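Student: Just dropping this structure here.
Each reported figure results from applying straightforward, stated rules to the coordinates on display, with no laboratory input. Predicted model, so just to flag it, every value in this text is computed and none were measured. Neighbour counts run over all protein chains shown; Cβ positions are idealised from the backbone, glycine included.
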Amino acid sequence: MNDSSHRPQHADALLSEELQGAPTVVPAQPTHTKKLYLESYGCQMNFSDSEIVASILDGAGYATTRNEEEADLILLNTCAIRDNAEQRVLKRLTQFKQAKRNRPKLVVGVLGCMAERLRENLLEQQKLVDLVVGPDAYRDLPNLVEQVHGGQKAVNVLLSREETYAEISPVRLDANGITAFISIMRGCDNMCSFCVVPFTRGRERSRDPQSIVREAKELFEQGYREVTLLGQNVDSYKWNIDNKGQIKNADEPVVRFAELLELVASVHPDLRVRFSTSHPKDMTDDVLHAMARHENICKYIHLPVQSGNSDVLKRMNRGYTREWYLDRIAAIRRILPGCSISTDVIAGFCGETEAEHQDTLSLMREVKYDMAYMFKYSERPRTLAERKFEDDVPEEVKGRRLREIIELQGEHSLAGAERLVGQVHKVLIEGVSKKSEEELFGRTTHNTIAVFPRGEHRAGEYVHVHATDRSSVTLRGTVVPAP
Ligand code: 5AD
Ligand code: SF4
């Protein structure tokens with residue numbers, strides 16, 4: 001999938017890796033008599049979904065807690081993208097099964113992408129959980145929990161063609177009060193042959209643009225200064241128009257992704273807008289021009305390539321060739337000079353030859369990504385690749401190819417950060433640096449982290465930072481007057 005999710009190779013990634021599996025908390029209110037402990041794994045979309053789950057259960061009297069010991073209800077929002085993600089969750093569920101021995105009233109449930117695939121195994125064979133709920137069935141959670149209290153196991157893994165949770169106000173979990181996610185669509189229709197997402201999250205559907213803009217406005221009024229618009233393939237966002245290009249309602253405007261971006265960017269010039277993830281086959285110049293027109297749309301694009309070889313891309317069913325991809329990169333460089341670009345790469349996909357792997361390395365040398373999320377291919381059940389191709393690249397070859405990819409990217413990431421040293425960057429302050437109380441950190445439009453002395457500044461402010469140095473890919477500098 002195009003969620004920039006599992007990201008162990010980057011400083012930014014480390015931040016979100018730390019978040020993985022982290023409990024999320026909202027303050028208790030007097031009407032909330034029960035406690036929910038919620039752990040989220042995987043992509044940003046899952047973290048965003050957990051905020052919807054917390055909102056729905058908030059309505060049913062649940063306050064969230066960071067302390068699993070005091071929970072009445074434990075929910076794991078799970079990820080199925082690669083086998084190791086699933087293994088982590090299964091381990092965690094075994095721990096909770098132990099906990100249930102001493103706390104017979106404790107209810108444990110699985111949400112998200114592992115729900116549909118593993119429901120029988122989890123509920124019946126291993127008896128690990130009481131409750132299994134898929135990504136489109138969260139509104140049903142209060143009923144399902146009641147059903148469990150009535151002594152039954154409860155399941156709802158139905159996928160929907162319409163559900164977007166459009167009007168549900170997410171409860172912002174573990175919020176820094178400055179940056180937030182907004183889901184703009186759900187599901188994916190692309191069927192990349194390696195990817196399990198179309199099976200776990202169902203068909204693509206876009207959310208009403210008015211509800212998106214309303215959410216952005218509310219966030220801005222609450223003091224938030226950055227929103228990230230989330231979808232598996234944001235470039236295919238569409239409202240009031242069907243897949244064949246037919247307008248549904250002549251009285252309403254058609255909104256595609258470029259227009260949506262401009263609508264959200266127009267909420268306020270001080271509200272930064274990011275988005276994830278773009279798809280090379282669908283990313284139009286319109287989107288790039290919209291980014292160029294608005295200073296507050298961040299100049300950073302995550303454009304997963306997966307492989308640098310056209311035959312592999314064909315087997316992956318990605319819908320573009322190496323040349324097409326490089327043309328999209330050229331368009332970014334032309335329309336948005338200096339824009340930072342990141343990617344996802346898979347090493348050792350079915351049938352990948354040494355020459356094909358070399359093509360990935362040569363494409364990386366050509367593009368010089370600022371950052372990348374890099375993975376070994378992991379075969380997923382029911383996918384096209386599982387049915388059509390053999391997972392025939394030996395584990396040690398996959399490992400070696402991945403190491404080569406990581407090493408090359410390391411050089412490019414450092415060189416990219418080095419180029420930013422000596423320049424002045426507009427930075428949105430997100431908080432106090434983890435390493436020192438005396439320093440603040442924030443991000444540049446290019447999504448690079450910058451650290452600088454605290455002075456009189458506060459989170460949520462914009463400052464200009466003269467980058468004087470870097471440690472790894474983090475910029476260090478001092479605040480200077482706006483140029
Ligand atoms: N094996 C390895 N990596 C995968 N991804 C998706 N499915 C698989 C898989 N089966 C990667 C892709 C995607 C990112 C989110 O995860 O690179 O863009
Ligand atoms: Fe992304 Fe392709 Fe998976 Fe869709 S099928 S989520 S586009 S990798």
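Student: If I ask for residues that are surrounded by 24 or more Cβ atoms within 10 Å (Cβ to Cβ), outside any helix (DSSP H, G or I) and hydrophobic (A, V, I, L, M, F, W, C), which ones from the stretch 109-143 would you list?
Tutor: Matches in the stretch 109-143: V110, L111, C113, V129, L131, V132, V133.
Student: On to the next question. In the stretch 52-88, which residue that is in a helix (DSSP H, G or I) and within 16 Å of ligand 1 (Cβ to nearest atom) is nearest to the chain's Cα centre (by Cα)?
Tutor: Among those that are in a helix (DSSP H, G or I) and within 16 Å of ligand 1 (Cβ to nearest atom), it is A85.
Student: Sticking with this one: Name the strands (runs of 3 or more DSSP E) wholly inside the stretch 378-470 in which the number of residues that are surrounded by 15 or more Cβ atoms within 10 Å (Cβ to Cβ) and within 15 Å of ligand 1 (Cβ to nearest atom) is 2 or more.
Tutor: Details: elements: 424-432, 439-443, 449-453.
Ranges flagged: none.
Student: Shifting gears a bit: Within the stretch 194-202, can one find any residue that is in contact (Cβ under 8 Å) with a residue 24 or more places away in the chain, surrounded by fewer than 22 Cβ atoms within 10 Å (Cβ to Cβ), more than 20 Å from A115 (Cβ to Cβ) and not basic (K, R)? Even if it seems obvious, please write down each step before you answer.
Tutor: Step one: filter the stretch 194-202 for residues in contact (Cβ under 8 Å) with a residue 24 or more places away in the chain, giving 194-197, 199-202.
Applying the additional criterion that residues be surrounded by fewer than 22 Cβ atoms within 10 Å (Cβ to Cβ) yields 199, 202.
After this cut, where a residue has to be more than 20 Å from A115 (Cβ to Cβ) as well, the list is none.
No: the stretch 194-202 contains no residue that is in contact (Cβ under 8 Å) with a residue 24 or more places away in the chain, surrounded by fewer than 22 Cβ atoms within 10 Å (Cβ to Cβ), more than 20 Å from A115 (Cβ to Cβ) and not basic (K, R).
Student: Checking I429 against (1) of a type in the set (A, V, I, L, M, F, W, C); (2) closer than 23 Å to I178 by Cβ; (3) more than 23 Å from the chain's Cα centre (by Cα), which single condition isn't satisfied?
Tutor: The failed condition is (3).
Rundown of residues vs (1) closer than 30 Å to E167 by Cα; (2) within 16 Å of ligand 2 (Cβ to nearest atom); (3) of a type in the set (F, W, Y), yes/no style:
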| site | (1), (2), (3) |
| --- | --- |
| L57 | yes, no, no |
| A60 | yes, no, no |
| T65 | yes, no, no |
| E70 | no, no, no |
| I74 | yes, no, no |
| R82 | no, yes, no |
| R88 | no, no, no |
| K91 | no, no, no |
| T94 | no, no, no |
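Student: Mind telling me which of the residues R88, R161, R92, R117 ends up being charged (D, E, K, R) and farther than 25 Å from S378 by Cβ? Before you say what the answer is, go through the steps one by one.
Tutor: Numbers: R88 fails: farther than 25 Å from S378 by Cβ; R92 fails: farther than 25 Å from S378 by Cβ; R117 fails: farther than 25 Å from S378 by Cβ.
Being charged (D, E, K, R) and farther than 25 Å from S378 by Cβ holds for just one of R88, R161, R92, R117, which is R161.
Student: Let me ask something else about it. The conditions are (1) closer than 20 Å to V367 by Cα; (2) out of contact with any Lys or Arg (no Cβ under 7 Å at 6 or more places or on another chain); (3) away from ligand 2 (no atom under 16 Å from the Cβ), and H279 fails exactly one of them. Which is it?
Tutor: (3) is the only condition that H279 fails.
Student: Next question. Looking only at the stretch 193-219, count every residue that is part of a helix (DSSP H, G or I) and aromatic (F, W, Y) and tell me the total. Steps first, answer last, please.
Tutor: So the first thing to find is which residues in the stretch 193-219 are part of a helix (DSSP H, G or I), and the list is 197-201, 209-219.
Those left that are additionally aromatic (F, W, Y): 199.
Counting residues in the stretch 193-219 that are part of a helix (DSSP H, G or I) and aromatic (F, W, Y) gives 1.
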